[in-house]
Structures are given as structure tokens and as C-alpha cells.
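Undergrad: Pasting a structure here, questions to come.
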């Protein structure tokens, strides 16, 4: 009886793609820990931790406010969004244990964001990181999306840099490394433009777990672009210091930022990409 019920359920899912979509959406909602739509402001719409968008200044960390480098605009991917108008020091950040769920035993998470820009026309010279996860010291770990600084067209990467002694004990120059020397997904070309939004998702599984194989994956527009495997990806961060940071030297539009508490599957990334109103559909 159990076998026949399972078969019927599987058949229904295969015959009705909408059922599979709804099932994946429900699973995404359960895994969601953070969502910022930027429709009404900088703060998150939903968070299992702190909702506040912060900025780091000479006077310390303060609530984020619009300025000539960063504006809230009505033409986001879903409703409003962010526009980083020029390279500057304004880098929105979100912190608190509930946002990213980082821990030093076994950490898995996924981050989703929509970007719109022409990297070769809009970005200033030098590295650009539209999104970073940072701790108390980049030598203890550094996770980021980036465009390279010199190549034309600019290369795009997703990197999980663990404790520096694990991946770069000789202090080699990141820019001069080969792709094989970097714990990163390295793309010579990526589908970014001013005319269309690009959906970027990266997933991380079993980070800091001594018994399981760690892996990171990058998806663009729901397509798997590559994986970070066969590296020791142990991080040395103080959990209280971990933050999600946006807009390091970024010039362009950004919208619908979300975090999930596990590595999403290929099917879930596809479902996430296909949400008609964005991540707001996944939470109350």
C-alpha cells in the first residue's frame, strides 16, 4: 500500500508540474531566513534575526541612509530596488545570528540576489564585489561574488576562501593565480546586462564539518555554472562577527536579496528563479 501511494504521488508530480513547483516553493519558505525586497526601504521585510540595514562609518555602525552613492529606486526586479550610482564607501550590511545561521561545526546556506548592470561599462577599475559574507578577519575566511579588476571582458567569480593557511600559505597574488589555484567558480563570460536582470544564487554545504565533504555551487538564471569542490573550506570566524555585505565598489542595480538555511537543490533554484513576485511569495 505504501508503495502504491508513493507511486501515485510521484506520478501526480510528474504529470502536474505545478504541484512540484508548489512543493518546492513550500520547502523554500521553510528554509528562508532573510529577505529584503527594498520596496519600502533598506531594512529587511523578513528575518529570523535582525532586519536592520546598517552602514559602517567613521563614527561607527549606523542605520543605512540613502546618499549620492546609493538610492532606493522604483524600477527593481520586483517593485523597488537598490541603485548603486557610483563607486564609493556605502556598503549596506545585515548582521545577527539568525540572518546567515553561521556556526563553526556544520554550516550550510544559500544566498539569492538579482543584479542589473553592464560590468564592462558601468564598473570602475578594480575589483567589484556586489555581495560578500565576512567575519572578523578576511584571513580567517572570505566569501564573495566578484568581478575581476583587469580583464576585458571582466571575469565573474564566486569564491569561498577558507582560513588562509589552507588555501594560500605562500601568499600568492589572487589576480595572478590560475583558476585551479582559487577556491572559486571562475567564469570568463557571464550573462549580465543593463537591459535584463540576472539572477545569481550560490549555495554552500557542510562548511566546517570535519566528517562531510564541503561544496559550493554557483547558479546564474537557474543554470548551474560550476562548483567549488575538493578544498578544505574550514572558516575561522567568530560567529558573532559574521555579516552579509552589499555593494563593495559595485555600480548597478540590485534587488530581492534572500538567504536560506541550507544548500538549495537545482529544482529549488529553478523554482526560486520562476517566482512571479519574487521571494515575498515565500513568507507572510
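Undergrad: Mind listing whichever residues of segment 209-223 are surrounded by fewer than 21 Cβ atoms within 10 Å (Cβ to Cβ) and either assigned to a loop (DSSP other than H, G, I, E, B) or in contact with a helix residue (DSSP H, G or I) (Cβ under 8 Å, 6 or more places away or on another chain) (or both)?
TA: 209, 210, 211, 212, 213, 221, 222
Undergrad: Related question: Within the group 230, 208, which residue is farther than 21 Å from residue 91 by Cα and in contact with a strand residue (DSSP E or B) (Cβ under 7 Å, 6 or more places away or on another chain)?
TA: 208
Undergrad: Shifting gears a bit: Could you list all residues from segment 130-141 that are out of contact with any helix residue (DSSP H, G or I) (no Cβ under 6 Å at 6 or more places or on another chain) and over 18 Å from residue 110 (Cβ atoms)?
TA: Selection gives 137, 138, 140.
Undergrad: Now for a separate question. From the list 248, 222, 205, exactly one residue is on the phi > 0 side of the Ramachandran plot and under 15 Å from the mean Cα position of the chain (by Cα). Which is it?
TA: Step by step, each of 248, 222, 205 is checked, and only 222 is on the phi > 0 side of the Ramachandran plot and under 15 Å from the mean Cα position of the chain (by Cα).
Undergrad: What strands (runs of 3 or more DSSP E) completely inside segment 75-142 contain at least 3 residues that are buried (at least 22 other Cβ atoms within 10 Å of the Cβ), modelled with pLDDT under 95 and out of contact with any strand residue (DSSP E or B) (no Cβ under 6 Å at 6 or more places or on another chain)?
TA: Hits in segment 75-142: none.
Undergrad: Here is a follow-up. Taking the conditions exactly as written (within 24 Å of residue 84 (Cα to Cα), in contact with a strand residue (DSSP E or B) (Cβ under 9 Å, 6 or more places away or on another chain) and without any contact (Cβ under 8 Å) to a residue 40 or more places away in the chain), does residue 244 satisfy them or not?
TA: no
Undergrad: On to the next question. Where residues in segment 224-254 are assigned to a strand (DSSP E or B) and touching a helix residue (DSSP H, G or I) at 6+ places or on another chain (Cβ under 9 Å), which of them is surrounded by the fewest Cβ atoms within 10 Å (Cβ to Cβ)?
TA: Only one residue tops the list, namely 224.
Undergrad: Give the residue, chosen from 79, 126, 101, that is on the phi > 0 side of the Ramachandran plot and in contact with a helix residue (DSSP H, G or I) (Cβ under 9 Å, 6 or more places away or on another chain).
TA: Just one listed residue meets the conditions, 79.
The rows are residues; the columns are (1) surrounded by fewer than 17 Cβ atoms within 10 Å (Cβ to Cβ); (2) part of a loop (DSSP other than H, G, I, E, B); (3) touching a strand residue (DSSP E or B) at 6+ places or on another chain (Cβ under 7 Å); (4) touching a residue at least 12 places away in the same chain (Cβ under 8 Å).
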site: 20; (1), (2), (3), (4): yes, no, no, yes
site: 35; (1), (2), (3), (4): no, no, yes, yes
site: 39; (1), (2), (3), (4): no, yes, no, yes
site: 50; (1), (2), (3), (4): yes, yes, yes, yes
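Undergrad: Among the numbered criteria (1) touching a residue at least 40 places away in the same chain (Cβ under 8 Å); (2) assigned to a strand (DSSP E or B), which single criterion is violated by residue 157?
TA: Just one mismatch for residue 157, condition (1).
Undergrad: Which condition from (1) touching a helix residue (DSSP H, G or I) at 6+ places or on another chain (Cβ under 7 Å); (2) more than 21 Å from residue 35 (Cβ to Cβ); (3) modelled with pLDDT of 95 or more; (4) outside any strand (DSSP E or B) is the one that residue 195 breaks?
TA: So residue 195 meets the others, but not (1).
Undergrad: Now, a different point. Which members of segment 255-271 meet the condition of being assigned to a loop (DSSP other than H, G, I, E, B) and surrounded by fewer than 23 Cβ atoms within 10 Å (Cβ to Cβ)?
TA: Residues satisfying the conditions are 261, 262, 263, 265.
Undergrad: Moving on to the next point. Of the conditions (1) farther than 22 Å from residue 194 by Cα; (2) assigned to a loop (DSSP other than H, G, I, E, B); (3) without any contact (Cβ under 8 Å) to a residue 24 or more places away in the chain, residue 68 fails just one. Which one is it?
TA: Among (1) farther than 22 Å from residue 194 by Cα; (2) assigned to a loop (DSSP other than H, G, I, E, B); (3) without any contact (Cβ under 8 Å) to a residue 24 or more places away in the chain, residue 68 violates only (1).
The values are calculated or read from the model by the stated rules, or taken from the named source; none is laboratory data. Since this is a predicted model, take the numbers as computed values, not measurements. As a convention, Cβ positions derive from the backbone with ideal geometry for all residues, glycine included, and neighbour counts pool all protein chains shown.
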